[in-house]
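Please read the structure below before turning to the comments.
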Amino acid sequence: MSEGMPRSDRVLMGPGPSNLYPEVTEALQRPLVGHLDPDFLAVLDETCDRLRTVFSTANPLTLPISGTGSAGMEASFVNLVAPGDTVVVGVNGVFGERMCDVAARCGAEVVRVDERWGNPIDPERLLAAHPHPKLIAVVHAETSTGVRNEVEALGAGKGDALLVADCVTSLGGIPFATDGWGVDVAYSGTQKCLGVPPGLAPLTMSPGAVERRVERPQSWYLDLGMISQYTGSTSGGATRRYHHTAPVTMINALHAGLGAILEEGLAGAWARHEECGRLLQKGLQELGFELFAAEGHRLPQLTTVLIPDGLLPGGLDEAGARRLLLERYGIEVGGGLGEYAGRMWRIGCMGHTARPRNVTLLLGALGEILGR
């Protein structure tokens, strides 16, 4: 930690947790009540309603899974994939790879459709990969590469297959339409564009997918047949069966974060992320960085750049430059993954962090470091 700069003043512009909306900080300080308290259950019901709006869905089974975005991924697969089922997965980054791993652990016959990192996956290749898969799965916003993959075309051409979309880094930052795009299951994480601490995985599942759910999933904790009771409104007299202790404080925080986004308006939140991404990417190019993701498929909320040889001052490697940004300026950015470790930066501009002033701060700091 830099001298005189408390951690609360740091600007988190990595691929991990974003800065929190002020409403979320307030919600985290509320007095704790029981997870079966009627006041909390009312907040939980409203949180699920707000998630439906942000997911753009009418799915009754829409709820925050207790766990990070990876829990949303695992819940999606264990509830739908039985041994021997065929699952087509698009892979153009780390999180497509993880989908393959989770599906294989469920006993699926995994059909990979690989694309070079930095490029989007052609939807037609996914649709043609197998004649009758049970699932087609793709990452909407690939966190490891900053690439946006097309989802709408998959929904239009999926046939009888169920479509699963990872929108951990996209929900609340760029348009995503669960029902309008024909997505059967979508999951996200709270720590990206929703501006909430990590710890919950918003998930929605269509009635058609619920009908094809595995009767006895391998995971007890993530068995949606046991926890879906938490999505019903108490106003209609719905009963709730105890399954596990809901994380009260985190759901209060998600309720507040979703409220901040909906008060701004989804279109307004998308436009704010788009503006910041455009300003950031233009400024980085002017400083000599090379944008990594394919043009036309770059995420505004997560920018990936390659660092050309000779760009950084003598004696400073990319990790040292990131450390200098953190210690001197209080700005955190992320490094590359896999073969791009040591060569790439992943710069997040998500949630409450997606403000032009933060873009100006980062570009100014980089300009000083580079002597521009």
Any idea what the dipole of the chain comes to, in debye rounded to 20, about its Cα centre with Lys/Arg Cβ at +1 and Asp/Glu Cβ at -1? 320 debye
What ranking of V91, V24 emerges when the number of other C-beta atoms within 10 Å of each C-beta is taken as an exposure proxy, fewest first? V91, V24
Using the Cα centre of the chain as origin and beta-carbon charges of +1 (Lys, Arg) and -1 (Asp, Glu), tell me which of V333, P131, G118 is placed farthest towards the positive end of the dipole. V333
Nitroxide proxy distance, nm - points 7 Å out along Cα→Cβ at E97 and T249: 3.4 nm
What full-extension length gain, to one decimal in nm, is calculated for D37 and D114 as 0.36 nm per residue of separation minus the Cα-Cα distance? 22.9 nm
Per residue Cα convex hull volume for the stretch 111-164, in cubic angstrom? 71 Å³
So what does the Cα-only Debye profile of the stretch 259-318 read at q = 0.13, 0.21, 0.22, 0.23 Å⁻¹, as log10 I(q)/I(0), no solvent term? -0.46, -0.83, -0.88, -0.92
Multiplying the sequence separation of Q285 and A128 by 0.36 nm and subtracting their Cα-Cα distance, what value in nm do you get? 52.8 nm
Under Stokes-Einstein, with the Kirkwood radius over Cα pairs standing in for Rh, what whole-number D in µm²/s applies to the stretch 253-372 at 4 °C and 1.567 mPa s? 85 µm²/s
Roughly how tilted is helix 69-78, in degrees to the nearest 10 and between 0 and 90, from the longest Cα axis of the chain? 40 degrees
Expected sort for 11-17, 83-89 on mean C-beta neighbours within 10 Å, highest first, is 11-17, 83-89
Give me the one-decimal Kirkwood hydrodynamic radius in Å for the stretch 33-121, with the sum taken over alpha-carbon pairs. 15.4 Å
Could you line up T304, T249 from fewest to most neighbouring Cβ atoms inside 10 Å? T249, T304
Antiparallel as a % of all DSSP beta bridges within the chain, to the nearest 5? 50 percent
Helix-only CD estimate at 222 nm, as mean residue ellipticity for the chain, using -39500 (n - 2.57) per DSSP H run (n ≥ 4): -11000 deg cm²/dmol
Which ordering of M250, M226, M205 is given by a fewest-first count of other beta-carbon atoms within 10 Å? M226, M250, M205
Length-normalised contact order of the chain, Cα under 8 Å, at least 6 apart, in percent, tallies to 26 percent
With bins of 10 Å, the percent of all Cα-Cα pairs of the stretch 312-364 per bin from 0 is 22, 52, 25, 2
Could you give the dipole magnitude of the stretch 65-144 about its Cα centre, charging the beta-carbon of Lys and Arg +1 and that of Asp and Glu -1, in debye to the nearest 20? 100 debye
Give me the extension gain from T68 to S219: residue separation times 0.36 nm, minus the current Cα-Cα distance, reported in nm with one decimal. 52.8 nm
In the stretch 304-372, with Lys and Arg counted as +1 and Asp and Glu as -1 at Cβ, which of these residues, P308, T360, I347, has the Cα nearest the positive end of the dipole, that is, farthest along it? T360
With +1 on each Lys and Arg Cβ and -1 on each Asp and Glu Cβ, and nothing else charged, work out how big the dipole of the stretch 101-172 is about its Cα centre, in Debye to the nearest 20. 120 debye
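A short reminder: the numbers here are calculations on the coordinates, not readings from a lab. Small disclaimer: the values here were computed from a predicted structure and weren't measured. Cβ: placed from backbone, ideal geometry, glycine included. Neighbour counts: every protein chain shown.
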